[in-house]
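Novice: I have a structure I would like to understand better, so I am pasting it below and will then ask my questions one at a time.
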Amino acid sequence: MSHITWHCRIPKRIWAWAAGIFNLQPNEELVASYKAAKGRSRMIKDLWLVANLEIVTELWKLCNKAFFEDIAVQWLGFKGRLYQVIRDNSIRMKGHMHNNLDDLRILNYFKVRHRSCKFSTPIEVSWTPPNPGEIMICCDGASLGNPGHAGYGVTFRDSNLAVLGVLCVGLGWQTNYYAEVCVVIYGAMLAKRWNVKNLCIRSDSMSCIQAFQKGEKWRMEKSFSPTYAIFITIGK
């Protein structure tokens, strides 16, 4: 099977033809051949997968016809069947194409209908530095699973936007909420060691910020970015 579909004269010519069209290197192992399209658009990946499967199938049929029915190999007829199968399968494909000449060349070669290009919409984000005499800590905690292996990270900035320091700690097996709370506590503890009185804490966890607000008169604001801020005064 390996010799018939890959290593004799005709398969080598066919795979070289497919590699030249897609600018990808085929592999005898289907998974490895599919991974060769990493970084390409979803549409090209799907076409490449169909081409790999159909070439193997048509080579097997061609070999049987040549051996049992004594039919000569017709190169144009073989390519025509591949064209037809790829076009038929492309109708059911839902992936996007990239807006580049390489994708357009491949789709035009197989006469596949062009697909919409995936694009991202810019989102306005504002970031306000802390007031003079304040330190801002941008913090976040996460866990791989809930609960799972957890950790957090903190960045400290002054009113001139200069980074004063960073902190990252592993918490072991904890929940995501525990990590979000711990990052605020440890960030405030470190700021207190620096004799900082006014502190601005930014976190993307609304529930965590609300937990720290209970029973305290802290001022909170919501910015355009997906973070929440509280301004506190650390006691002695």
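Novice: What spacing in nm lies between the two simple spin-label points modelled at Arg9 and Leu53, each 7 Å away from Cα in the Cβ direction?
Specialist: The modelled label-to-label distance comes out at 3.2 nm.
Novice: For the stretch 1-151, what is the charge dipole size about the Cα centre, in debye to the nearest 20, if Lys and Arg each add +1 at the Cβ and Asp and Glu each add -1 at the Cβ?
Specialist: The calculation lands at about 720 debye.
Novice: Oh, and also: Which residues does a label at Lys61 reach in the stretch 83-111, if reach means a backbone N under 14 Å from a point 7 Å past the Cα toward the Cβ?
Specialist: Taking a point 7 Å out along Cα→Cβ of Lys61, the residues of the stretch 83-111 whose backbone N falls under 14 Å are 83-89.
Novice: Another question, if that's okay. What ranking do 183-195, 85-97, 135-147 get when scored by the average of other Cβ atoms within 10 Å per residue, highest first?
Specialist: Top to bottom by mean Cβ count within 10 Å: 135-147, 183-195, 85-97.
Novice: For the stretch 70-132, which chymotrypsin sites (Phe, Trp or Tyr not before Pro) are both in a DSSP coil and crowded by at most 14 other Cβ atoms within 10 Å?
Specialist: Answer in residue order: Phe119, Trp127.
Novice: Report, ordered by chain and residue number, the aspartates and glutamates lying within cross-link reach of Lys65, taken as a straight Cα distance under 20 Å and ignoring same-chain residues fewer than 8 apart.
Specialist: Within reach: Glu54.
Novice: Could you point to the label whose value was computed as log10 I(q)/I(0) by the Debye sum over Cα atoms at q = 0.10 Å⁻¹ for the structure here, given (1) -0.68; (2) -0.53; (3) -0.58?
Specialist: The value matching this structure is (1).
Novice: Starting from the amide H of Leu164, placed 1.01 Å from N in the peptide plane, find each other amide H under 5 Å away whose residue is 5 or more places distant or on another chain.
Specialist: Phe156, Arg157, Asp158
Novice: Moving to a separate point now. Per-residue ellipticity at 222 nm for the chain, helices alone: DSSP H runs ≥ 4 residues times -39500 (n - 2.57), over residue total, nearest 500 deg cm²/dmol?
Specialist: Taking each H run of at least 4 residues, the total per residue is -13500 deg cm²/dmol.
Novice: Here is a further query. Got a sec? Charge dipole of the chain, +1 on Cβ for Lys and Arg, -1 for Asp and Glu; which of Thr121, Gln84, Ile55 is way out at the positive end?
Specialist: Gln84
Novice: Could you list, in their original order, any pairs among Lys12/Lys111; Lys38/Lys94; Lys35/Lys61; Lys79/Lys111; Lys45/Lys94; Lys12/Lys79 whose Cα atoms are separated by more than 20 Å?
Specialist: With Cα atoms farther than 20 Å apart: Lys12/Lys111; Lys35/Lys61.
Novice: With springs only between Cα atoms under 10 Å, which of Asp70, Asp204, Asp102 fluctuates most in a Gaussian network model of the chain?
Specialist: Asp70
Rule-based calculations on the coordinates, nothing more; no lab input. What you are looking at is a predicted structure, and each value in this text was computed from that prediction instead of being measured. Heads up, the Cβs are rebuilt from the backbone with ideal geometry, glycines too, and the neighbour counts pull from every protein chain shown.
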